[in-house]
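Notes for the one structure printed next.
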Amino acid sequence: MSNTYNGIALQRDGNIIDLTAILEANNRGTAARDLRGLSAQISHLERLLESTTREIAAMRRELTDLRDFHGEPLHNTARQGIDAATRQIMQAKERLGALKDRIIQGAKDTVAAVKEKGIDALNSTVSFLGVRKELEKIQQDSRTGIDKCDRSLARVDSISRQYHEMGTAASNLGRAFTGKEIRDDTRDSGKLAKLASAPYQTLKNLYAGMAKGAEAILGNVEKLEQSAKRPSMLENLQTMKEAVAKEQGMALSSEKPAKE
């Protein structure tokens, strides 16, 4: 289990800050921007996980309010879905934490290599992030998760239809025999039916966001690895212009006539 996932943005990690500074100081402005973009994508996934966590927590509170249905099929289905979603979110957080660990360690190793061997060390540490397998795993898990959610939603729909077809007559008959108050389930059972499918729909949205985010991060990784190895033509041109301007400035300064 990762110990990096603690809500702290990747952009504020000291190793990422150091690597960004090295890239910017050595004419790798494009690589620095790509690294910032990568960090922003990770933060986006963290926010997605946190918002999903809050949604599931709200569902659990709503289910508690429907305690009169405890033990009935839809109530059990809703509880199982909420419990499953909670576990899946925790697993996703651990996987994202592992991804952050890899990125931070890669940045740390790269900074150390550059300090020891110079900026040319970037050419031999082009795969310093080493996160492709982790990202591909997130993509695969997300696709599998979406398929599972679709199957669960179909199952919940079937249970819900059966529940409503039976109606509340049998339930109320049993309550009447035991001296309990007859209840009108129409409104609350509708809430319960919606709540039973909500965790799986929320999880499906999470998986779709994770898959999309992982794809975007993979693109950023590829760009970063390429731009870190060599400055872009535009950056080289800018460096040449600055060098020429500096030389011309020095030349003009040396040509100034001495004051009488």
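Distance check, please: which entries in LYS93/LYS194; LYS100/LYS212; LYS108/LYS137; LYS133/LYS204 exceed 20 angstrom between their Cα atoms?
LYS93/LYS194; LYS108/LYS137; LYS133/LYS204
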> Per residue, how much accessible area does the stretch 1-152 show when a 1.4 Å probe rolls over the protein heavy atoms, in square angstrom?
Replying inline: 51 Å²
>> So if each residue of separation counts as 0.36 nm, and I subtract the Cα-Cα distance between GLN162 and GLN105, what length gain in nm does that give?
In response: 15.2 nm
> Given a Förster distance of 22 angstrom, what is the FRET efficiency for ASN76 paired with GLU50, based on the Cβ-Cβ distance and rounded to 0.05?
Replying inline: 0.20
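Grab the beta carbon distance between ALA208 and ILE17, set R0 = 30 Å, and tell me the FRET efficiency rounded to 0.05.
0.40
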>> For a protection proxy built on the mean count of beta-carbon atoms within 10 angstrom, sort 63-75, 207-219 highest first, please.
In response: 207-219, 63-75
>> Ignoring ligands, DNA and RNA, please state the percent of accessible area on the stretch 31-88 from carbon and sulfur, probe 1.4 Å.
In response: 50 percent
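The values are calculated or read from the model by the stated rules, or taken from the named source; none is laboratory data. Values in this document were obtained by computation on a predicted structure and should not be read as measured data. Glycine also receives a Cβ, built like all others from the backbone with ideal geometry; neighbour counts cover every protein chain displayed. Just so you know, the surface numbers come from the protein's heavy atoms only, side chains and all, with ligands and any DNA or RNA stripped out. Shrake-Rupley method; radii C 1.70, N 1.55, O 1.52, S 1.80 Å.
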